[in-house]
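Read through the structure below, which is laid out as structure tokens, and then see the notes.
The values are calculated or read from the model by the stated rules, or taken from the named source; none is laboratory data. Keep in mind that this is a model prediction, so the values were computed, not measured. Here the Cβ positions follow ideal geometry from the backbone for every residue, glycine too, while neighbour counts run over all protein chains shown.
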Amino acid sequence: MTSTRSSDPRERRIEDRDALCDALLQLKNRGEAERFLKDLCTPGEIEALAERWRVVRLLDAGGKTYRQIAEETGASTATVTRVARFLMQEPNEGYRLVLDRLKGGKQ
């Protein structure tokens, strides 16, 4: 396999991110996702990702303050605030996309 990687570090990071996204798209079920995550990430990294996803779901559910969410999840209030900003204000809307799909909502 011949590599056509760029010599520019910024472009390489983009290529690497794209390759990771392509790899994630190959996963067909929860078991495959778990296996891939265990190979790709340390247990602490997986725990941090899971914690952040729990923060997303609690923010989406509403009814709790950032401090309550931080206490319930173990996340810092800075993390809760950052997640809230990405959930509610940033243009990526990745959290919203997945939340809606999990709820059977809009694609």
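I'm trying to understand the selection: among the residues of the stretch 73-102, which are part of a helix (DSSP H, G or I) and over 25 Å from Arg30 (Cα atoms)?
Thr77, Ala78, Thr79, Val80, Thr81, Arg82, Ala84, Arg85, Met88
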### Task
Give me the pairs, please: first residue somewhere in the stretch 44-57 and among the charged types (D, E, K, R), second residue anywhere and surrounded by 14 or more Cβ atoms within 10 Å (Cβ to Cβ) and part of a helix (DSSP H, G or I), beta-carbon distance under 7 Å, and either six or more positions apart or on two chains.
Glu51/Thr73; Arg52/Thr79; Arg52/Val83; Arg54/Thr73
### Task
Would you check if Leu99 is touching a residue at least 24 places away in the same chain (Cβ under 8 Å) and either closer than 22 Å to Leu37 by Cβ or assigned by TED's automatic domain parsing to the domain that holds Arg30 (or both)?
yes
### Query
So which residues in the stretch 78-101 are at pLDDT below 95 and either exposed (fewer than 10 other Cβ atoms within 10 Å of the Cβ) or among the polar types (S, T, N, Q) (or both), if there are any at all?
Gln89, Pro91, Asn92
### Task
For the stretch 55-73, enumerate the residues that are over 23 Å from Cys21 (Cα atoms) and within 17 Å of the chain's Cα centre (by Cα).
Leu58, Leu59, Asp60, Thr73
### Message
Looking at the stretch 6-32, I want the residues that are at pLDDT below 95 and have a partner that is β-branched (Val, Ile, Thr) with Cβ atoms under 9 Å, at least 6 apart or on another chain. Which pairs are those?
### Response
Ser6/Ile14
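For the subset of the stretch 1-54 comprising residues that are of a type in the set (Gly, Ala, Ser) and under 15 Å from the mean Cα position of the chain (by Cα), which member is nearest to Thr77 (Cα to Cα)?
Here the residue is Ala48.
Could you say which residue among Leu59, Leu24 is of a type outside the set (D, E, K, R) and surrounded by 14 or more Cβ atoms within 10 Å (Cβ to Cβ)?
Criteria check complete, one pass: Leu59.
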